[in-house]
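One structure is given here, and the rest of the page talks about it.
Since every read-out is calculated from the coordinates, none of them should be taken as a lab result. It should be emphasised that the depicted structure is a prediction, and the values quoted were computed from it without experimental measurement. All Cβ positions, even for glycine, are placed from backbone atoms using ideal geometry, and neighbour counts span all protein chains on display.
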Amino acid sequence: MNRKTKRNRERILSQAENALLHKDTYESEAAYAASKDPVVVQGHQLKLAAKKKFKDLLAGKTTGRILLHIPDQKLSPAGYSLFTNFKEAFEFIGVPARELGWNEPIGPVLDSFRPTVLLTSDHASYLEKIDWQAIKDQRKAHPLKIGLTASLEEYGNSPLVDRLKWAKDHGVDFYYSFRDPEYVHSRKEYRPFFDAGYKMIFLPFGAHISRYFPVAGFERDLDYAYLASKKSSGAQFLRPILTKYPGFVDGPNWKHISDFRFNRDRDRYIYARAKVGLNLHLPEQIEWACEVNERTYQLAACGVPQVTDHAKLLDTIFSPDSLFIADTPEEYLAHFENILHNPDIGTQRALRAQKEAFEKHTTYHRADSFIDQLKSL
């Protein structure tokens, strides 16, 4: 990795955290009105429109009360981000929602919050944290549906037949998936869920625009930002850029980072300075049209020109010429250098991706759809 990237990390983090302390200035109407950056101007207008459309959209129109089981951010930054974002999205659209902390006893929460739906994972590390006798007792007096994530044995979970038996024994009502409906229905490995009589509800990733949006008053002085854990599968794509060019890298498992601190609010101030947002997907997202990662939507909402590998579902989610999609490491580097040398090209694509993210792919859209799907249970 470029030495400047390592050397400048703490300074850039400190600057972003200091900017966050002054967010009332950077995120004021006056600051947006004074901005000459087209992605800042457009993004602010799109954010206002989306919030106007979805604020309390379902308030008083649903009896749903959602309890989300959220892992500790040190244990799973991605899981913490995902579940917390959706909890906030449910609240924003007017659906009462509450976090069940990783080590929080569920009994008192059931008594005080009275959820109608509990969402957790079907992984043993989650399930063993919950007092299932308390769940059973609660259901004797109050309606409570239990939803588990529909994960496959092929990607590291325990045998599905055992999990489905456990689900039946514990009164699980439905499964939900962050993946594309067409993919789930077409892949035979998901068939056992349906054969066991379960319905599937879908909650795809989206742009959480309560936290990820453009901020005014910053120059794009970083060649790139890559906010992600280190993955060996992406080394061939990243190495030519990370060795030659200085930028910003942060996340778990990097050798030069011993003090990673997850902070959703801070990250938009880092993206505001990035000329390019680097993105890489998991191998199964490349092989199957199953999902695109949260980072795709975050970069789009923040208005950062995005270079990404070719997750198959990207062709369905975003229009052509909204992202810079690479099938090879050589193409990935070429896209990156093209944006550095021709920033206007990057801006035009960033504007398209940003518009599509705000108008079709926010967590508000996803939460609204999820509540609608719950009606079918």
Placing +1 on each Lys and Arg Cβ and -1 on each Asp and Glu Cβ in segment 327-377, then taking the dipole about the Cα centre, the residue among 374, 345, 364 whose Cα reaches farthest towards the positive end is 374
Given 166-174, 349-357, the highest-first ranking by average Cβ count within 10 Å works out to 349-357, 166-174
For 110-121, 310-321, 79-90, ranked highest to lowest by mean beta-carbon neighbours within 10 Å, the order is 79-90, 110-121, 310-321
The alpha-carbon center of segment 237-272 and that of segment 160-211 are separated, in whole Å, by 33 Å
Checked segment 7-147 against the a/c 1.5 cut and the a/b vs b/c comparison, axes a ≥ b ≥ c from its Cα gyration tensor; verdict oblate
Treating only Lys and Arg (+1) and Asp and Glu (-1) as charged, each at its beta carbon, one finds that segment 142-183 has a dipole about its Cα centre, in Debye to the nearest 20, of 200 debye
To the nearest 20 debye, the chain has a Cα-centred charge dipole, built from +1 on Lys and Arg Cβ and -1 on Asp and Glu Cβ, of 540 debye
Using alpha carbon centers only, segment 307-377 is separated from segment 107-149 by a whole-angstrom value of 35 Å
Over the Cα atoms of segment 152-209 the radius of gyration and the largest Cα-Cα distance (Dmax), both in Å, equal 12.4, 39
Candidates for mean projected area of the Cα convex hull in nm² are (1) 25.2; (2) 30.3; (3) 18.5, and the calculated one carries label (3)
Residue 151 neighbourhood, Cβ < 9 Å, K/R = +1, D/E = -1, net charge -1
Exposure-ranked with fewest Cβ neighbours within 10 Å first, 304, 161, 249 stand as 161, 249, 304
Rounded to 0.05, the calculated FRET efficiency for the beta carbons of residue 255 and residue 341 at R₀ = 25 Å is 0.25
Of 92-98, 52-58, ordering from highest average Cβ density within 10 Å down gives 92-98, 52-58
Out of 227, 194, 213 - ranked by how far each Cα lies towards the positive end of the dipole of segment 120-265, with unit charges on the beta-carbon of charged residues - the top one is 194
In terms of the alpha carbon gyration tensor, root eigenvalues a ≥ b ≥ c, rounded if a/c is under 1.5 and otherwise prolate when a/b exceeds b/c or oblate, segment 298-363 is oblate
If every Lys and Arg gets +1 and every Asp and Glu gets -1 at its Cβ, then about the Cα centre segment 302-345 yields a dipole, in debye to the nearest 20, of 160 debye
Summed over the other residues with a beta carbon less than 15 angstrom from that of residue 237, with K and R at +1 and D and E at -1, the charge totals 0
Checked against the positive end of the charge dipole of segment 1-104 (+1 on Cβ of Lys and Arg, -1 on Cβ of Asp and Glu, about the Cα centre), the farthest of 103, 84, 62 is 84
Only helices counted: for the chain, with every DSSP H run of 4 or more residues adding -39500 (n - 2.57) and the sum spread over all residues, [θ] at 222 nm is -14000 deg cm²/dmol
Checked segment 85-130 with the C-alpha gyration tensor, a ≥ b ≥ c its square-rooted eigenvalues, rounded below a/c of 1.5, otherwise prolate if a/b is larger than b/c and oblate if not; verdict oblate
